[in-house]
Structure formats: structure tokens, C-alpha cells
1. Using 0.36 nm per residue of separation minus the Cα-Cα distance, give me the extension gain between Arg128 and Arg290 in nm, one decimal.
2. Does anything in the range 376-415 have its amide N under 12 Å from the 7 Å Cα→Cβ label point of Leu363, and if so which residues?
3. So if a site counts as exposed when it's one of the GluC sites (Glu not before Pro), its DSSP state isn't H, G, I, E or B, and it has at most 14 other Cβ atoms within 10 Å, what's the longest stretch of the chain without one?
4. Ser151 versus Val266, label points 7 Å from Cα toward the beta carbon: distance in nm?
5. Can you give the longest run of the chain that contains no trypsin sites (Lys or Arg not before Pro) sitting in a DSSP loop with at most 15 other Cβ atoms inside 10 Å?
6. Output the pairs from Lys660/Lys760; Lys461/Lys497; Lys278/Lys393; Lys561/Lys588; Lys387/Lys669 with a Cα-Cα distance over 25 Å in this structure; if there are none, say none.
7. Express in Å², to the nearest 10, the accessible area of Tyr531 obtained by rolling a 1.4 Å probe over the protein heavy atoms while all chains stay in place.
8. Treat every Asp and Glu Cβ in the chain as -1 and every Lys and Arg Cβ as +1, leave all other atoms uncharged, and give the resulting dipole magnitude about the Cα centre to the nearest 20 debye.
Amino acid sequence: MRLFKPYAAAAGSVASRFAGASTPLDARMVKAVLDPLACRLNLEFNSLISSGRDDRARKVFDKMPEKTVQSLNRMLWAYFRSGDLAAAEDLFGASTCRNAVTWTIMMDVATAGGRGSNAVSVFRDMLREGDAPDHVAVSTVLKVPGCDVASLHPLVTKLGLGTSLIVCNTLIDAYCKQGFVAAGWGVFLEMPERDTVSYNAMMMGCSKEGLYREALGLFAGMRREGIDTCQFTFSSMLTVATGMVDLHLGRQIHGLVVRAGSAHDVFVNNSLLDFYSKCDCLGDLKQLFREMPDRDNVSYNMMISAYAWNQCADKVLQLFREMQEIGFDRRGLPYASLLSVAGSLPDIEIGKQIHAQLVLRGLALDNLVGNALIDMYSKCGMLDTAKTIFANKSEKTAISWTALLTGCVQNGQHEEALQLFCDMRRIGLRPDRATCSSIMKASSSLAMIGLGRQLHSYLTKSGHMSSVFSGSALLDMYAKCGCLDEAIRTFDEMPEKNSITWNAVISAYAHYGQAKNAIRMFESMLHCGLYPDSVTFLSVLAACGHNGLAEECMKYFDLMKYSYSMSPRVEHYSCVIDTLGRAGYFDKVQKVLDEMPFEAGPIIWSSILHSCRIHGNKGLAKMAAEKLFIMTPTDATPYVILSNIYAKAGHWEDAARVKKIMRDRGVRKDSGNSWVEINQKIYSFSSNDQTNPMIAEMKEELERLYKEMDKLGYKPDTSCALHLVDDELKLESLKYHSERLAIAFALINTPPGTPIRVMKNLSACQDCHAAIKMITQIVNRDIIVRDSRRFHHFKDGVCSCGDYW
């Protein structure tokens, strides 16, 4: 029984299939040769098509007494080539004679029009009409963005194309691009023969998913079998070296590129630029760029991004002007990259200038540019403008939604980000890994562990959990929601781990004050052959700081500088200064300040001021506070800390003077706020909040706890209360701090024995810290508090911080 109409198999591209490929003769073809008029029109038609005169070719085509399927295909291809997709669709709709080539061209037409689902529908129509798809038709539909590869795969086998090298290579590529690397690997292993394309597709799939060791194994196997490498091979391996932050491996690949004679290939050189840029090797980057015989838009984009990362705004603008002078097509200028630069600096003036140029040149409505504008304005703190641009976009893709959603997260509008995520899913858009990563940050910022677990379930069902990036984001979410055990379980269950994964688990241990575990993970990371980056060292330094390990902190700081040749950023210096200052080594703090290659900024002086609070260093505290008064004039923190230092030392006049300066300058202290999540709903509390509808019940619960605490020897620390008021008011102000209200609310509204997770916008005071330790003894529950600096896990009267914070 014949299922499909017969066709002649043809090799090569669609173009080759109607431009000289052998096809079966039919009556119309015979007539076109024997009939003088038909023969003359056919020759004229072919000549016009070959010279690109499509309008005249169509007139001749319409005059043909017998239109062959080959003529139809050439006319359709001409329309596709010129971009006249509507004309192609009209002609196809009016035609009755079609073959596999016809259907393949129409799949290309639908894809070119951005209608991937229509392209798949064309393929299914082809099957319904009984035209047998060949390997080119099957490869074409598999390349359609968003096609369901898994559902088409069995059909490929049924058609007898499961061993075709071209089809198998396309299957691997399609599976890997959709994140289904395991399925792609299955196809790869079953192939009777493999070529360079097979290996490149599999290596690129592994490298994009963070499966770097598998990609290295494929490269070794490729060389063992004597299969030729090409520019795509080198690009994949440089992606691996970049992901592993392995400078030695990247330089080895660079050497192979030179020996293979590919050093003049602009595509390979762009991959090298990307590698050196992401490894923070600015010197190598600049040298390579200078030596490149050919440069394109991508080359300049790489350099612009690298200079932006290193805060070299003048170099960014210089390169952009150079591109304009060279004469690159203005539509091809890296506007999206420049907008990204403006956002990363952030410099709203540069961003606005670029936006103005885009409007003048009619490019502001471009989809890619529109997404970049949303991202830039969000990063520059102009979220309302970003929302306006999003609202005015005619085409809102998943990338557009993700850009705005991420902007909301970056600007602290986490609830709005959650609403955007719900709206996005409601209209049928499928969130990708970037979307899930951003929404997990929102749920972790709100400590919405319920939503986080739902996202975990979604990632598992959508097949994204095989991605190392999704797993890393999930690990980070659990850690920031106060679920360290689940974070570690996620880490242990991940089949593959990259530097981002290790950074996340080291950071988790650091924020929980578990320095030994953080350092153990750091050493394990090195043992696995992964290179630490600046984020890794920042987490290790923070871990040392949270546990007062000053010597270890200096050891890893020196390791970063001298063994790994990394230039510490301000955040690294801040960690070191914070650690030394909290340990009371103010002479060493001064030495680090003198050695810093830049002026100390707010983050440094803030660390020094907090250290002075611990040790009562009034002189240095005064200097640090005065620096901060200038650098952060609207921040009340330095005023409050300096005033408290004076008050604690009994210098009441100095304390009052600082408070008066604060009032005169109109600076207001941020109120303490805490929140808890119960049944996926957030409940917020402020200190001594009398407006809460359950305030009476919460106060009653706290009073019950205070009676039990008194029996355990609790003595309120009034130094944490308001100064310059009587003792009774001091005690009253302590009793109803926001985190205590949140704990009382959770005790009333959650089952006995369940952990309580509280988030607080400020650092917890010493008295609340002591009180919560006692509360855990009384209620027999774990209480996890995340304040502005770190996590405190209270259990059985003990805190994970060891009373060092």
C-alpha cells in the first residue's frame, strides 16, 4: 500500500533541487520541450528568474500554457529570495501541482515571516496530501524555531530517514537548541556515521547547557577519530573554556586556532574576543583586537561590552564613533549593545542620546532594540519609562516580557514582577530559563518559598531542570528563602555543576555563617578542575567576614591577587576591611585603604563605621560618618550609628548634636519592617504597628512569651532602644520590634513545630537576637531570620551566627 506520492530523492539545498536536480518527467515537461511556444516561454522565464527580474518572470509564468512544478518552484523561490512572502503564499494557494520542493519552500516562507507554527502546519498539510517529505523537507521543519522535535522524531524514523546524516545532524541541533541535550545525545550515539557537523552540534549543545566535561570529551573523541575541525568547533570549545573560566584551556584552543590556519577567520576571532572578555583579560583582548585583519559588527560589540564591564565609558564611545567613521551600515551598528552599556554603567544620558538616534533613524520600533531600551531604562532606575516602551511595542515576545519582569526585580518591585509572570503565562507565552531565573529572584527577595517550590515543579515538568543554569538559580532561591537544607539537596542532585553552581552553594554557606563549609566547597571546586572567578572569591571573603576569620580572609584575598592574577573590585576590598575592622585590626584596615587602587566609596566607609560601632572607636567613626554624610546625604544609617556610638559611651551632647544635624538636613531613618509568608501570602509588619487587625492577639502572644523568657533569665538590653527617653519607654519600644510581631503572627497562624521564616529590611538588634534565641527554646521551633546582612538560624536557644554579626 502506497502512503505517499513518489518523488525523486535529491541532495543539497532547496535551491539545488529546482536548479538542475533531476526530477521525474511528466506530460507537461515533455510538452514544454516539444511545443515551440512553451519552450520559448520556459527559456525566457528561466533567464528572467536567474537575473532577478521577478515581476517580468511572473508575467511570463502566467502566459505558460503548461506550468510545470519546476517552474512553480522557481517562481516561489524567487519571491522568497526577494522577501515578497505574500506573493509566494498567493501563488502557492492557487497552484494544484506540488512536490516536496514546493512544500519545503513554503516552510521557509512561513519561517521567514516569523510564523514558525505555520511552517509546521505546512509540513503537516504536506503529509495529509500524500506528498512524501525527503531529507531536505524534514531538516527544514526540524529547524523551525519552537517546533515539537520529540513528536516529529518518530515520523522521521517511519519515513526511513533515521539514518540520514543530514537529518540526524538536524535532530541533534534542534534537540540541543531546545535544551533537550539528553535526547540529542541519544541521536548522536545511534548514528551509523558522524561528521564535523554532528560533533559541533553536540558540543555546542553541551557547552550551552554547562556540560563542559562532556563537550571536552566530544572534542577529544573528534580528534581521535581524525574528523576535521572548523570554526564552529573552535567556537564551541571557547564557550567551554569561558564557562569553566579556564584561562589555560582557552589559550590552548587559541594555539590550535593558529596551527589550524584559522587565525584570520573573523568568526573564530570573535569567539576568542568573547573568551578573553569574560575571563577579564583586557590586555589579551586589546592585543587580539589590534591584530585582527578583519573586524565586523560583532568584533566591535565584543570590545564595547568588555570596556563597559570595566567601566571605560570613554573607550566605549570612542569605538562607537570609530564604527560610524568606518562606514558600517547604520542599521547594523550595535545599538542594543550600547544600550546595554548605558544600563550597566549606568548612565542615563548616554542611554537617552542613543534612544534619540534610534528615533531619528526609524529604528526605535525594532523588536531587539525595543527590548534593549526596556532593559536600559530599567537598569537606570527609570522603570516607568521602560513600562511605557513595553506598552507601546506592537510585538511583545517572551524576551520583551522577561526584560520588563527583570527590570521590576532589579528595581525592587517584586510583587509587580510576579503579576507580569502570571500575565505572561495567561496569554500563552512560555517562560524560558531567563524568565524563571528572574522570577525566582523575586520569590527569594519576598521569601516566598511556596512560589519557589511551584517554580521548581514547573522547571521539572518543562524539562529545564536538566539545565545547570536552572538548577543553579533554584539553589540560590532556596538559600535566600531560608531553606539551606533544600539548597544543598538541590546542589547534590544536580548531574552537572559549573562555576555558577559552585558560587551559589559557597554563597549560601557564607550567608548562613558556615565559613568552614564555604571554604570546604571552595576547595572542592578547585579539586574538580574549575577555576574560581571574582564572584567565588567574594563569597569566600564574605564567609570569613561573617565568622571573624581575619587570617583566612587575608589568605584568600592574597590567593585571588597573586595566584589567580585577579584585580579585586571594591566589593572585595569592602569584605576584607569589614573582616579586619570587626576583628579590631584598625591598623591593618588603614594599610588596606592605603593599598587600594581607587578612592574609598560609601560601601568601604560603611564597613568601617559598622566596625567602629562594635569596638566603640569614636574617632574613626566620626571620620567615616562625615565621609558618608557627603557621599550618601539622604541615608540615615551613618547618623544613627554615630549617635548610638556616642550614646553608648555616655557622650549625650554629641549624640544629641548628631540627631539635630540629621533633623536639620531632613534625613529620616528607615522604619524597621519585617514580613512572613503564610499560605503563599505575604504579611508585613512595622515596629509597634497599632494598625494591624491582629495587633491585640500578637501582643498577647508576645506577653505570654515574655513571662516564660523572664523565667529563663531574660534581661532586656536597653542600649538597643531609643536614647534620651525614660526606661519605661525604652522597654516598650523593644517589646514590639517588627521581627517580634512577625514571629508572634506566625506562631498564631501556623501549625506547631513548623519552621518560621522572617525577612527584615534592617539589621537585627542585639536584644531581638537574644530574645529570639529564648523564644525557640520555649516554642520548640526553628526560626530563620534574614536581615540586611545575613541569615540567622535560631534553634534550641542557639543561633547559627555564633553571636558574631
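The values are calculated or read from the model by the stated rules, or taken from the named source; none is laboratory data. Predicted model, so just to flag it, every value in this text is computed and none were measured. Using ideal geometry, Cβ is built from the backbone for each residue, glycine included, and neighbour counts are taken over all protein chains shown. These area figures cover heavy atoms from the full protein model, side chains too; ligands, DNA and RNA do not enter into them. Shrake-Rupley method; radii C 1.70, N 1.55, O 1.52, S 1.80 Å.
1. Full extension from Arg128 to Arg290 adds 52.6 nm.
2. none
3. Longest gap between qualifying sites, sites excluded: 600-805.
4. It works out to 4.1 nm between the two label points.
5. Maximal segment without exposed cleavage sites: 116-360.
6. Table pairs above 25 Å Cα-Cα are Lys660/Lys760; Lys278/Lys393; Lys387/Lys669.
7. For Tyr531, the solvent-accessible surface is approximately 80 Å².
8. Dipole of the chain, to the nearest 20 debye: 780 debye.
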